[in-house]
Amino acid sequence: MTELQQMLEALKRPEYVHVLLNPLPIYGMVIALVALVLGLISGNKGAQMVALVLMVLVCGSVWPVSEFGDKAAERIGTSLDSDGMRWLKIHDKRVDIGAWAYYITGALALVTLIVKWKLPKFERWLTALVLVGALVSLGFGCWIAHAGGQIRHTEFRTGKPPAVTRAP
């Protein structure tokens, strides 16, 4: 089997695709935030629009990351130690909470794009809201990634995972 065939075969495994995609919400949000802040500082509306488009795309990337993550969890669950399994459950709960911050931020960024284009007098407040939403989303992304990184990487673990509480 050639190297290209091996790579294409790996893309059929959801755990591999999840590992490829999972940095997008964090690194992408950092890039979009930097672009938005620079656009705001310089007063460049074009740069702000590009940053908002990037933010919408980044926030949209959360959906495939979590979908492939769910499929990957089904496949790797049997190969984990007990702490890894608990981290997987924690990671899953954090995704359920944190993904909404990205979705809301993405929707706000999309609305802000439209407002910047059609009703520019409201753009300043919406852009500030998007900035706050992006920072909150980034915080959630780091919180999710913290648990995700410890599922299979014992070298990242600094102690026992927190207790997993069940939903009522």
**Message:** Against the condition buried (at least 20 other Cβ atoms within 10 Å of the Cβ) and among the hydroxyl-bearing types (S, T, Y), how does T112 come out, does it pass?
**Reply:** yes
**Message:** Cβ contacts < 8 Å: first residue free of Cβ contacts under 8 Å to residues at least 60 places away in the same chain, restricted to the range 114-141; second residue aromatic (F, W, Y) and assigned to a helix (DSSP H, G or I), any location; separation 6+ or different chain. Result?
**Reply:** V115/F122; F140/Y102
**Subset of the range 23-54 (residues that are of a type in the set (A, V, I, L, M) and within 24 Å of H91 (Cβ to Cβ))** = L24, I26, M29, V30, I31, A32, L33
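Per-residue answers, yes or no, for (1) part of a helix (DSSP H, G or I); (2) modelled with pLDDT of 95 or more; (3) under 14 Å from S137 (Cβ atoms); (4) of a type outside the set (S, T, N, Q):
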| position | (1), (2), (3), (4) |
| --- | --- |
| M1 | no, no, no, yes |
| E9 | yes, no, no, yes |
| K12 | no, no, no, yes |
| E15 | yes, no, no, yes |
| I26 | yes, yes, yes, yes |
| V30 | yes, yes, yes, yes |
| A35 | yes, yes, no, yes |
| G46 | yes, no, no, yes |
| V56 | yes, yes, yes, yes |
**Asked** For the subset of the range 27-59 comprising residues that are small (G, A, S) and surrounded by 16 or more Cβ atoms within 10 Å (Cβ to Cβ), which member is nearest to the chain's Cα centre (by Cα)?
**Response** G28
**Message:** Give me the residue from the range 60-92 that is assigned to a loop (DSSP other than H, G, I, E, B) and more than 16 Å from the chain's Cα centre (by Cα) and, out of that set, surrounded by the fewest Cβ atoms within 10 Å (Cβ to Cβ).
**Reply:** D81
**Prompt:** In this structure, does V19 turn out to be under 30 Å from A128 (Cα atoms) and either over 11 Å from the mean Cα position of the chain (by Cα) or surrounded by fewer than 19 Cβ atoms within 10 Å (Cβ to Cβ) (or both)?
**Reply:** no
**Request:** Could you tell me which residue of the range 137-159 is modelled with the lowest pLDDT, considering only residues that are surrounded by 10 or more Cβ atoms within 10 Å (Cβ to Cβ) and part of a loop (DSSP other than H, G, I, E, B)?
**Result:** R152
**Prompt:** Within the range 116-126, is there a residue that is over 23 Å from the mean Cα position of the chain (by Cα) and either among the polar types (S, T, N, Q) or assigned to a loop (DSSP other than H, G, I, E, B) (or both)?
**Reply:** yes
**Item:** Cβ-Cβ under 7 Å pairs, at least 6 apart or on other chains, the range 59-84 side touching a residue at least 60 places away in the same chain (Cβ under 8 Å), far side charged (D, E, K, R) and surrounded by fewer than 16 Cβ atoms within 10 Å (Cβ to Cβ)
**Value:** D83/R157; D83/K160
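The values are calculated or read from the model by the stated rules, or taken from the named source; none is laboratory data. Not measured: the values here are computed from a predicted model. Here Cβ is always computed from backbone atoms with ideal geometry, including for glycine, and neighbour counts include all displayed protein chains.
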